[in-house]
Each structure stands twice: as C-alpha cells, then as structure tokens.
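Q: First the structure, then my questions, so here it is.
The values are calculated or read from the model by the stated rules, or taken from the named source; none is laboratory data. In this text the structure is predicted, and so the values were computed from the model without any measurement. Heads up, the Cβs are rebuilt from the backbone with ideal geometry, glycines too, and the neighbour counts pull from every protein chain shown. Just the protein is used for accessible areas: all its heavy atoms, side chains included, with ligands, DNA and RNA removed. Shrake-Rupley method; radii C 1.70, N 1.55, O 1.52, S 1.80 Å.
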Amino acid sequence: MSERGSELSIQEIIARYKEVTKTRRRYAIKSFFRIKRGVLGLVILIVLTVLSLASPLIAKNPNARVHAELSKPAWMRVFDPNSFDDFYPLALSFNSEADFQSLLVLTGSGPSNLKYGGYSIIPSGYLDYGSLAIHIIDDIEKPAVIGQLPVGVAFFFKWDHKKAPYRVYFDFAHRVDIKIPPFVNETISLAPGEEKVYNLTFKSDNVVFNNLIVLSFEEKNLIQLVVKNDKGALICSETLNQSSSFSIKMNTSYNYTIEIINLGEQAAHIDVLIKAQIESIYRASQAVIMMNLYNPMLHNIYSIDELLTYLQVEKKLNVPPQIVRDWGLMQHEGMTTRIGGWFSASSRSSLQEPPRTLLAPEVYLQAFFEKGNWIAVVIEVDFSVFAFSDLAKLRQDLSGDVEIEWCIDNMVIQAQDQYYGLMGTDGEGADIFAKIIDGLKISLLVGFIATFANLLIGVSLGLVSGYIGGKVDEVIMRFVDFMMSIPILPFLLVLSFVFFQMNLDPLLAIIIVLSLLGWAGMARTIRSQVLALKASVYVEAARASGASPFYIVRKHILPGVWPLVLVYLMQGVVANILAEAGLSFLGVLKPNWNSLGKMIQEAAGVSAIGGGGGGGLRNWHWVFFPGFILMLIGYAFYAISDAYDEIVNPKRRRRF
Amino acid sequence: MGLREYTIRRVLTGLVTLFVILIFNWVIFRLPSFVTGIDPVWFYVIQQIQAGQQDPRRFITLLIRYKQQWKLPGLHAPLGLWIDHIITYLKNMFTFNFGRTTKVEQNALIAPLLARRIVVSVFLLLPATLISIAIGIMLGVKLGANPGSRLDVIMMSLALMLYSIPTFWLQVLLKGLLAGEIQIWPSIGGLASLAQIGAQASDPLISFIDAFYMISLPVLTLVLASFAGWMILMRGSLMDVMGEDFILTAKAKGLDEATILYKHAFRNAILPVVTGVVLAIAGVWTGAVITETIFSIPGVGRLLLSAILNLDYPLCETTFYFIALTTIFANIIADISYALLDPRVRY
C-alpha cells in the first residue's frame, strides 16, 4: 500500500468522488441553462405539461358547446374594428314565470277545425321553474278539415349595436301533450261477486284503434276484467291482483262490452279509465324558428319580399334576391316536433356567412343594424289533423273537445360574437383550447408510456446483446434486423387494425402498438456503445477484480449508456406522439378521446367540404392550433435533447 | 470474408426475414379470429351480412360454400389441414398469385390493381424524394462546411421545427392555403382528375404536363417535410469528416477550400447518406399513406388504408407483403452498396 493510499481512507475517496460528481452535475446543469434553445424547450415543455395536467380543472367538459361554432380566437378582435366588446352581445334565458310573461304568443287562423285556446303559464312544470303552455283546441263538433293552425311565440328585443351579431342561437325544451276526453272516467264500488258492465258503441265505421283501459284499486282486491265484442268473441280475460293498464285493439264495426267483476271477498273501489289512444291523429308538423326584423314604424314583421323591397327601394341597394333568401336575415331552420315527452330543440341562425363569389353581402345586412332595429325571434309550429286517416273518423265518437297543449321551457336566446377564447371554437362550438389540453394529456401519456416500453425493450436487449455476445448477440441482432426491415407506418396501420378488430380499447391498443415498435434502432446503437465500453480498461479491471456481470453492467456500463438513453427518450416521445396523431388522423383506431390528430382530421374534413374552392383556410384556427401544439411539443423535446447532446457528446461539447 | 460471401449471406438473411414476414403476415390477420375464437370464415360471412351484401337467412349455406371454395380450415381443424393451408398460402405468395379483393374495387384481381397503384405512387414520390435529397445534400454540405455560421444556426433551428411538425398538418395547411385560399393549385386531387382531362384532351403531352402540375403541390409539401432530415444527416456526416486528419493534411498542403470540400471531404461524407438514399428510393414504391390520403392520390399507401378500413383481408395481406418485400430488398441493396463504396466496412 502506497503512502498516498494511506493518506486517503476509502471513505474519503468516496466522499471526494461524490463531490466531483456533484460538481460535474452542477456544471452540466449550468451549461444546459447557457443554451437558449434548451431552456426554451424546457419552458415550453413545463408549461404544456402543467396545462395538460390541469385540464380537468380548467375545462371540466371540453366537448361541451360553449360558443358560436367556428368562432375565431378572441385576440383576433384587435384586427376587427367592428367587433363587440363582449362574447355575448345579448343573452336571454326564459325559465321562470316572469320570463314567460314577456313572450308574445302569436296565432294565425286556418281553414281548420283547430282553434287557438289561449295560453297559460304553468308554475312548476315538468322542468324546474315553470313553463309556457299554449292550448289548441280541436272542435269535435266540426268535421276534420285539411288545414293547419300556425301557433308561435315571439320575443322582440332592441338591438343597440351597429353591427349584426355573428350568430343567434336558440335552445329550448318543448313538449306536446294531447288531452283526449275519455269514454269512461269514474270511480265505482263493487261488493264481492258484483260486476259492472260498460257498453261501447261507435258512430264511425270500420276504424281500428287502440283503446286504453286503466284499472286502479287497492292491492288486497282481486278483480277480473273481461272484454268481449258483440259477435261473442272473447278479446281479453284477465284476473288482476294489482292496478293495471291494458291497450286493447278495437274495431268500430263491432260493439264492445267491458265487464269488471269483483272476485275478492271485500268490497272494492275501482278507478276506471277507458280512453282511445288517438294521438297519432294530431301532428305538430314542423317547428319553424325564424329570426326576423321588426320595424316599429311599420309594426310589421318583414317577409322576404318586403325585406327585398326595403333594401331595393329605401336603401337603393341592388340586392340579388338570392342573397336574402340564402344568407339574409330570414334563416328558417326546420325542426320536427314529436308528441309526448320533453324534447330539446336548438337552432343557430347565421347572419354572416357571405358567399365567396359575391361582393360583401354584409353591406346589405348592415343596413338594418345601423338604425338600432328591433329583432324578433319567432318559434312557429303548424298543428294539423290527419283529416283523411281512418282514425280521424273516430273523432265523432269522442265525448268532448280535444285539447293539444304545447309547452315551452328553458328557452335561451343568445346573440353571439364571432370571437371566443384563446383558440376559438370548433365546428361543434366547443372550445378548441380546452379540447387541445384535454387531448394533450393523453398524447403525453401515450408518448411516455410507449417510449418507456420501447426503452425497456431496447436497452435490455442492447445490454444483453452487447455484454454477453456470441450466439445470444447473433440471435438478438437478427431479430433487430427483422424489426428494422419492417416498414413502420404500414405495420402500425396493420397492428392497430388488428387490435381494433379485437375490440381492444383504442387507447390501450395504441399504447401496445407503439410499445412494440420503435426499439430496434435503439437496441442496435446501445449494443455498439456497450461493445465499446466493454473493451475499456476499467471494465476489464472490474472483471479482473471479480465483480459480477450484473455489478459491472450497473456500475460501469449503464452510466456510459445513460446519455444515449436520455436522448432516445426525448426523441422517442416525439416520434410516438406524432405516430399517435398520425394514426388518429388516418382514422384507423377511431380514438374515443380528444386526440389532436383526430381534431386535425375533423377540421381538414370540414374545411375541405365546407370551404369555398375545395377547402380554404377560413377555419384556419381549427386546423392550425392542434398541429401547432404538436409542433411545440416536438420542438421542446428535440431542443432539450439537442442541448443535452451538446453537453454530453464530446464531439459537440463547447469550449466555454 | 469477401464481398461475394457477404452479398450471399446478406441475401440469405434477407430471404429468412422475408419468410418470417410471410408467416407473420399470415398470423397477424388471423389474430382476431384466434384471440376471439371465431372461425375466420364465420367472421367473413358475418361482415358480409352486416354490410348488407348477403341475406342473413343464407348464413349456413354461405359458411359451407366459402369453406369449400377457399379450402379454409375451421378454427378447430386438425393440424395437418392448417399446415396444408399455410403451404398453399406461401406458394401463392411466392408465385405472386394474390387472388381477388373482397371489397375494394369490386373483386378486382389484386396483382394488376397493385401494379396500377405502384405507377401512381412512383410518379408522386420519385420526384419528391429526389428533389428533397438534392436540396438536403446541397444545404447539408453548405452548413457542414462552416458550422456555427449564421446560415447554419437559422437552418438548424428551421430543421428542428420541420422535424417536429406533423407532416399531415403541414400538408393540410398548405393545401388549404395554396389550393383553397389562393387557388394556384387544383383543389381536389392528385391524379384523380387525370383520367377525366385525358379523356377530353387526348394529347398525351398535355395530360403529362397536367399530371405534373397536379402532383407538384403534394411534391412540394413532401419536400418541405423531408429535406431537413437529409440536411441534418449530410451536415453531421460532413462535420465528422472535416475533423479527420487527412483534411488537416490537405489544408496543410495548401489546397483550396473547394477542392478540399468536394474532392476530399464530400466523397467520404456522402457514404453514410447513400444507405439512406437507397432506402428512400425503395420507399417510393411503397407509397405514402398520409400524403396520398390528404391529396386523394390513388397510390399504394391509400390502397393499404382503404383495404384496412374496408376489412379487405386479401388486399391487406398482399399490400403489406409487397411493402415489406420492397423494404427488405432495399435494405439488402443498401447494405451491399455501402460495403461496395466504403472499403473500411468489415463484413
């Protein structure tokens, strides 16, 4: 043992070694921060990661509709002198009694047996706060006539802005109920063994309809229901121990007897309801939602022709009629109404969708808004009777008038600005920024998991192959050759297709697919690095001193491979994120999350179909931002790995 | 070991890889049936019925008919039947007897269909690849000769950007801008309207020029997306060579910069690039899935995609087999050419 050896104990050597390592690490960090590119990359990466992790807090429901479809980013207002200061220049909601008082109920008249029967406000309706119910009465005395009864609600509001709103959005829940007078509706008391017989006779001929029989009684009773027709056929015979309802097909060619017998040992009190189910006679044909102008001077809602006249005569504008019809204020959007239950209906009236080929039709629209006009929002429904149907004949057998009730609730009217949020909205009106940070989370997750799997396979195979050598090396390298000669993208497509066929969750499938590929090059490079390290003197020394292979790999070879692994990690994450986006773009995996690739694909599809001239860039923000974020992520990782490489790689190391 | 032995060995390993790929190709498309335990013929008939092409009442008849027609063993068939099946498959694949498609292009023969698509893919990708290689190498030489210059810094930052751009995004944007907004290029595309125009104007020269005009936008986007890779490769390789002793010797001899760069350094630096060039030119035959989809060009990549989206198994198998075959061949040629060009390579 030399003198120097005796001066420094083992502990001191280790301490000094640790100190050197620490200094070196500090130096590396310092020189990393001297490379601007790397710092920029790190900042971008941290910001995007934090945003994506915080996405559940920032955007609870990223796919919800928040604003007008295809709104531009809010900061673009700077370039638009006519823009509004607010996202919603007008936002009204109708869901309480007081709100509905301000609505105007409009009715027309037609050559119909239907007539308007006033309206009422239901204090607490099916939905929370009450709704507006409009009554329409079918006069049973009159025969059914072909014809419709238009009924609508309108709301007028003053538009103070000089500029037309970008879009006007309505949303309301509505419901149509039909109240038919029953044949029988009474409470009867039957002693044990007693029976009650109802005879149904019809005036109309040969109409088939469903008759509803509802019996309500206490559970301790035992009741028998027998329905027969006058030809003696037994149609229904049921013994009931609880309240029940039956829908029985009847034909008005026959007369029916309905017998209710108390089989129990106690007296029974029974609510009997017998009524025809003839809701299909009535039809609320179409709800037409109109945006219209109201001129207080004329006290009149413009028709299309009047609007044209106004523009041409008073404003002296040469307006092609087509503009007003297609792009003007009269945006009619049809909406089929169904009977029974609440339905949600919404409509968007676009005011500003100038066709490319014509010169700025906004000029014509602007003419209205300069004066601060009134705008009327009208929902109009045409009710009618199927006059010629067999069932319409059954009306004469009903005992009283039929009342149709059309209820409206939770109505929202929003005039919307063209600008919203940091990145605008997509074709569904969802915030693009929210969708992006939501999708980015998955992108990063997929990228990291797949790359870690790649690293695990690549590094372990490279280490084993390089360190053990011989037959093992030969086999592994042939396998690597095989993996490297498979075309990557087609292979990705094929694999994801197979996994899709196996009904695997798309997210899991894509992680598995990307994990299985992309490690081959890494294994090869790491093998050659291991070979170089293995030949170095210190490894030989360690081996000579009897260190186990595991120890040597851990202590002497892995530290030498580590920089390579880190560089591969960075680049692999980018490659995997882009591969995920590409596969989603191609639509093979049908991702069920907000994949950035899927967003680009949707946007490209829409702008390819909707844009003039085969896909212009009018909706550029929808295409641009998802890809831009992908580019930022890619740039961040590449810049960091590049800066890191510059520190670690002796060939590139700067002389400071 | 001489070059001849190396070539023979490389070809042999290539053949082994090809064989493995063939088996893999056979397994992977049958994997869904193996995993789910559903007979592949059953699977196929169900798909036909779901697509509304077959009457559900004829299910059993169809099942038996297809089994007899295709000589397909059921899932629980004895092993001998399966081996027979694999041997038939291998024989067909090696003799390029690919059969017919099941859905795409109405039961067309696969081989001529694939051949037509290859022509289109080559027409698109050969110019794109050659131009991007040329630009990449030229710029790479320029940057590698004086690293650290302003041009170098700008181009390298640009290259990092271009590297991290998703290609399809760039293509969608450029298509929207140049074909949709400014309308310098035809908006729909690629070669789709070629036949139509060819029918109107029968002049072959005009159709040819027209076809070139139409592919120029996809080619431009492809060049933009891929020249950076070549540039970085060339630059790195040239920088390595410029640090060698023989360059120093040449400089000491007083040779002028251009001679050193082009006669001494470039010749050595181009070697690693050659491998990539060979592989890229092979890629020309296999098509570009995403580019062909975006510009609706009927090439090989799009064929594979439509085969996959339409669940057309025979076409999937054939296209993937063809692509893999081309890649393996290109790998062999790249390795051999590298060995030929670089005397330092140890076999």
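Q: Residues that are touching a residue at least 12 places away in the same chain (Cβ under 8 Å), open to solvent by 50 Å² or more (accessible area, probe 1.4 Å) and within 14 Å of chain B (Cβ to nearest Cβ), at least 2 per element: which helices (runs of 4 or more DSSP H) completely within segment A:5-70 meet that?
A: On the way: elements: A:10-34, A:36-53, A:55-58.
Here the list reads A:36-53.
Q: hydroxyl-bearing (Ser, Thr, Tyr), at pLDDT below 80 and under 27 Å from B:LEU279 (Cβ atoms), is that true of A:SER515?
A: Numbers: hydroxyl-bearing (Ser, Thr, Tyr): yes; at pLDDT below 80: no; under 27 Å from B:LEU279 (Cβ atoms): yes.
No: the conditions fail for A:SER515.
Per-residue answers, yes or no, for (1) in contact with a Cys (Cβ under 7 Å, 6 or more places away or on another chain); (2) among the hydroxyl-bearing types (Ser, Thr, Tyr); (3) more than 18 Å from A:VAL573 (Cα to Cα); (4) open to solvent by 30 Å² or more (accessible area, probe 1.4 Å):
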{"site": "A:ASP431", "(1), (2), (3), (4)": "no, no, yes, no"}
{"site": "A:ALA520", "(1), (2), (3), (4)": "no, no, no, no"}
{"site": "A:VAL530", "(1), (2), (3), (4)": "no, no, yes, no"}
{"site": "A:VAL537", "(1), (2), (3), (4)": "no, no, yes, yes"}
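Q: Can you report the number of residues in segment B:308-328 which are over 13 Å from B:PHE98 (Cα atoms), within 9 Å of another protein chain (Cβ to nearest Cβ) and either open to solvent by less than 20 Å² (accessible area, probe 1.4 Å) or touching a residue at least 60 places away in the same chain (Cβ under 8 Å) (or both)?
A: 5
Q: While we're here: Select, from A:ILE29, A:ILE14, the only residue that is at pLDDT 80 or above and under 30 Å from A:LEU445 (Cα atoms).
A: Going through A:ILE29, A:ILE14 in turn, the sole match is A:ILE29.
Q: Could you say whether any residue in segment A:359-379 is closer than 23 Å to A:SER120 by Cα and either at pLDDT 75 or above or crowded, with 22+ Cβ neighbours inside 10 Å (or both)?
A: Initially, segment A:359-379 is screened for residues closer than 23 Å to A:SER120 by Cα, giving A:376-379.
Okay, now just the ones that are also either at pLDDT 75 or above or crowded, with 22+ Cβ neighbours inside 10 Å (or both), so A:377, A:379.
Yes, the conditions are met somewhere in segment A:359-379.
Q: In segment A:564-604, how many residues are closer than 21 Å to A:LEU455 by Cα and of a type outside the set (D, E, K, R)?
A: Keep residues of segment A:564-604 that are closer than 21 Å to A:LEU455 by Cα, which gives A:564-581.
Of the ones still in play, those that are also of a type outside the set (D, E, K, R) are A:564-579, A:581.
Within segment A:564-604, residues that are closer than 21 Å to A:LEU455 by Cα and of a type outside the set (D, E, K, R) number 17.
Condition check ((1) open to solvent by 40 Å² or more (accessible area, probe 1.4 Å); (2) of a type in the set (Gly, Ala, Ser)) across all residues:
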position: B:LYS67; (1), (2): yes, no
position: B:THR88; (1), (2): yes, no
position: B:VAL104; (1), (2): no, no
position: B:SER121; (1), (2): no, yes
position: B:LEU130; (1), (2): yes, no
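Q: Need the failing condition index for B:THR221 against (1) facing chain A (nearest Cβ under 10 Å); (2) surrounded by 18 or more Cβ atoms within 10 Å (Cβ to Cβ), just the number.
A: (1)
Q: Let me confirm something: among B:VAL273, B:VAL277, which residue is under 17 Å from the mean Cα position of the chain (by Cα) and of a type in the set (Val, Ile, Thr)? Break it down stepwise before answering.
A: Working: B:VAL273 fails: under 17 Å from the mean Cα position of the chain (by Cα).
Answer to the selection: B:VAL277.
Q: Now a separate question. Return yes or no: is A:ILE413 assigned to a strand (DSSP E or B), more than 14 Å from chain B (Cβ to nearest Cβ) and touching a His at 6+ places or on another chain (Cβ under 8 Å)?
A: no
Q: From the list A:ILE552, A:ILE468, A:ILE510, which residue is farther than 26 Å from A:ILE44 by Cβ, open to solvent by less than 60 Å² (accessible area, probe 1.4 Å) and either of a type outside the set (Phe, Trp, Tyr) or touching a strand residue (DSSP E or B) at 6+ places or on another chain (Cβ under 8 Å) (or both)? Full working, then the answer.
A: Values: A:ILE468 fails: open to solvent by less than 60 Å² (accessible area, probe 1.4 Å); A:ILE510 fails: farther than 26 Å from A:ILE44 by Cβ.
It is A:ILE552.
Q: I'm told A:GLY118 meets every condition in (1) closer than 30 Å to A:VAL574 by Cβ; (2) open to solvent by less than 40 Å² (accessible area, probe 1.4 Å) except one. Can you identify the failing condition by its number?
A: A:GLY118 satisfies every listed condition except (1).
Q: State yes or no: is B:VAL122 under 23 Å from the mean Cα position of the chain (by Cα) and not basic (Lys, Arg)?
A: On the way: under 23 Å from the mean Cα position of the chain (by Cα): yes; not basic (Lys, Arg): yes.
Considered against the rule, which asks whether it is under 23 Å from the mean Cα position of the chain (by Cα) and not basic (Lys, Arg), B:VAL122 comes out as yes.
Q: Identify all residues within segment B:282-307 that are in a helix (DSSP H, G or I), of a type outside the set (A, V, I, L, M), more than 10 Å from chain A (Cβ to nearest Cβ) and open to solvent by less than 20 Å² (accessible area, probe 1.4 Å); write none if there are none.
A: Hits for segment B:282-307 are B:THR291, B:GLU292.
Q: Anything in segment B:132-145 that is touching a residue at least 24 places away in the same chain (Cβ under 8 Å) and surrounded by fewer than 18 Cβ atoms within 10 Å (Cβ to Cβ)? List them, or say none. Break it down into steps so the answer makes sense when it comes.
A: Just the residues of segment B:132-145 that are touching a residue at least 24 places away in the same chain (Cβ under 8 Å), to begin with: B:132-133, B:135-137, B:139-141, B:143-145.
Scanning segment B:132-145 gives a single hit, B:ILE135.
Q: Further question on the same structure: Condition check: of a type outside the set (A, V, I, L, M, F, W, C), surrounded by 13 or more Cβ atoms within 10 Å (Cβ to Cβ) and without any contact (Cβ under 8 Å) to a residue 24 or more places away in the chain. Does A:TYR88 satisfy that? Give the steps one after another, and end with the answer.
A: On the way: of a type outside the set (A, V, I, L, M, F, W, C): yes; surrounded by 13 or more Cβ atoms within 10 Å (Cβ to Cβ): yes; without any contact (Cβ under 8 Å) to a residue 24 or more places away in the chain: no.
The answer is no for A:TYR88.
Q: For B:ALA269, indicate whether it is among the small types (Gly, Ala, Ser), surrounded by 19 or more Cβ atoms within 10 Å (Cβ to Cβ) and away from chain A (no Cβ under 11 Å). Step through it out loud before you land on a result.
A: Details: among the small types (Gly, Ala, Ser): yes; surrounded by 19 or more Cβ atoms within 10 Å (Cβ to Cβ): yes; away from chain A (no Cβ under 11 Å): yes.
Yes, satisfied.
Q: Any idea which of (1) in contact (Cβ under 8 Å) with a residue 12 or more places away in the chain; (2) in contact with a Pro (Cβ under 8 Å, 6 or more places away or on another chain) is the one A:VAL498 doesn't satisfy?
A: Against the list (1) in contact (Cβ under 8 Å) with a residue 12 or more places away in the chain; (2) in contact with a Pro (Cβ under 8 Å, 6 or more places away or on another chain), A:VAL498 comes up short only on (1).
Q: Hey, any hits in segment A:430-438 for a residue that's more than 30 Å from A:ILE58 (Cβ to Cβ), within 14 Å of chain B (Cβ to nearest Cβ) and in contact (Cβ under 8 Å) with a residue 60 or more places away in the chain? It would help to see each step written out before you state the result.
A: We begin by selecting, within segment A:430-438, every residue more than 30 Å from A:ILE58 (Cβ to Cβ); these are none.
So far as segment A:430-438 goes, no, none of its residues is more than 30 Å from A:ILE58 (Cβ to Cβ), within 14 Å of chain B (Cβ to nearest Cβ) and in contact (Cβ under 8 Å) with a residue 60 or more places away in the chain.
Each row is one residue, and each column tells you yes or no for (1) in a helix (DSSP H, G or I); (2) farther than 12 Å from B:VAL141 by Cβ; (3) at pLDDT 85 or above; (4) open to solvent by 60 Å² or more (accessible area, probe 1.4 Å).
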residue: B:MET234; (1), (2), (3), (4): yes, no, yes, no
residue: B:LEU238; (1), (2), (3), (4): yes, no, yes, no
residue: B:LEU248; (1), (2), (3), (4): yes, yes, yes, yes
residue: B:LYS251; (1), (2), (3), (4): yes, yes, yes, yes
residue: B:THR259; (1), (2), (3), (4): yes, yes, yes, no
residue: B:ALA265; (1), (2), (3), (4): yes, no, yes, no
residue: B:VAL273; (1), (2), (3), (4): yes, no, yes, no
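Q: Next question, about the same structure. Restrict the check to segment A:476-494 and report whether at least one residue is open to solvent by 40 Å² or more (accessible area, probe 1.4 Å), within 14 Å of chain B (Cβ to nearest Cβ), part of a helix (DSSP H, G or I) and at pLDDT 85 or above.
A: At the first step, the residues of segment A:476-494 found to be open to solvent by 40 Å² or more (accessible area, probe 1.4 Å) are A:478-479, A:484, A:488-489.
If we keep only those that are within 14 Å of chain B (Cβ to nearest Cβ) as well, we get A:478-479, A:484, A:488-489.
Checking the rest, the ones that are also part of a helix (DSSP H, G or I) come to A:478-479, A:484, A:488-489.
Checking the rest, the ones that are also at pLDDT 85 or above come to A:479.
Yes, because at least one residue in segment A:476-494 is open to solvent by 40 Å² or more (accessible area, probe 1.4 Å), within 14 Å of chain B (Cβ to nearest Cβ), part of a helix (DSSP H, G or I) and at pLDDT 85 or above.
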